[in-house]
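Here's the structure, in structure tokens; my notes come after.
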Amino acid sequence: MPSFRTILVAADFSERSRWAFRLACALAEETKTRLFVLHVAEQPFSKGLLAKMAPHEGNDVTYQEAMKEWLREDYAPDRPIDVEYRFHEGAITDEILRMANKVGADLIVLGTHGRTGIRRLLTGSVAEAVLRRATCSVLALHSPEPDRPADEAIRVILHPTDFSNHSEDALNVARLLARDHGAHLLLLHVEPTEFVEGVVLGAPLNPQGYHEPLMHLRAKVDGPDLKYPVEMQCEQGDPAAQIVRVAE
């Protein structure tokens, strides 16, 4: 399956953001992937923060270089990967999307509900806006439970599929993560149930009807480079509710 050539990571110096960076590194291939780390500061906040980091000399280049150096320290790859660090000022969502288009990113990676020690910079609404407006794939990582370490090992990856092209793009990411983290990969198809004034429409789910396409999909992604065989499951009902139930 194809790897990502250009990955953009939205960085806000939170632990969730650092975990997003580590996952981006896991998806990157040495010598083949360019990885961009972007921090966006909303004006006029940026200079107030950077004034504490570098002497004010009336030169915006000073602030730019100070922020890039901070990014290099906090987002250093653990293996040889081509990483570039960028610092922009402006509306966070707009700058992320503008940067993605400029560098030709085929994946944007970001954490949701990240916070700095001074001000929240990356919120769920930003992640949602990026997901809705981006023209490339987006990997958004939800904030963990308060008692769950952000760097906890990835053990099980659930991929809900409707057999569409967009679903296959998401499966590419799921498989790469399963491969690099030695995790279980479960393929799930949920056949929607329609209701009209409390009456269920449609016949009960026939597992055999979706067994063959799931088997075909599993055959495409299974392989000796995965630690565990790919599993599959079929359910019926409200897709969102069933996805959450199976995940739990």
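For each of Ser125, Ser164, Ser14, Ser137, count neighbouring Cβ atoms within 10 Å of the residue's Cβ, then give the residues from fewest to most.
Ranking Ser125, Ser164, Ser14, Ser137 by Cβ neighbours within 10 Å, fewest first, gives Ser164, Ser125, Ser137, Ser14.
Quick one: Val103, Val244, fewest Cβ neighbours within 10 Å first, how do they rank?
Val244, Val103
Which order do peptides 16-24, 71-79 fall in by mean Cβ count within 10 Å, highest first?
So the order, starting with the most tightly packed, is 16-24, 71-79.
Hey, fewest Cβ within 10 Å first, where do His216, His189 land in order?
With the sparsest Cβ surroundings first, the list reads His216, His189.
FYI, it's all coordinate maths here, none of it is from the lab. Being a predicted model, the structure only gives us computed values, none of them experimental. Cβ atoms come from the backbone with ideal geometry, glycine included; neighbour counts cover every protein chain shown.
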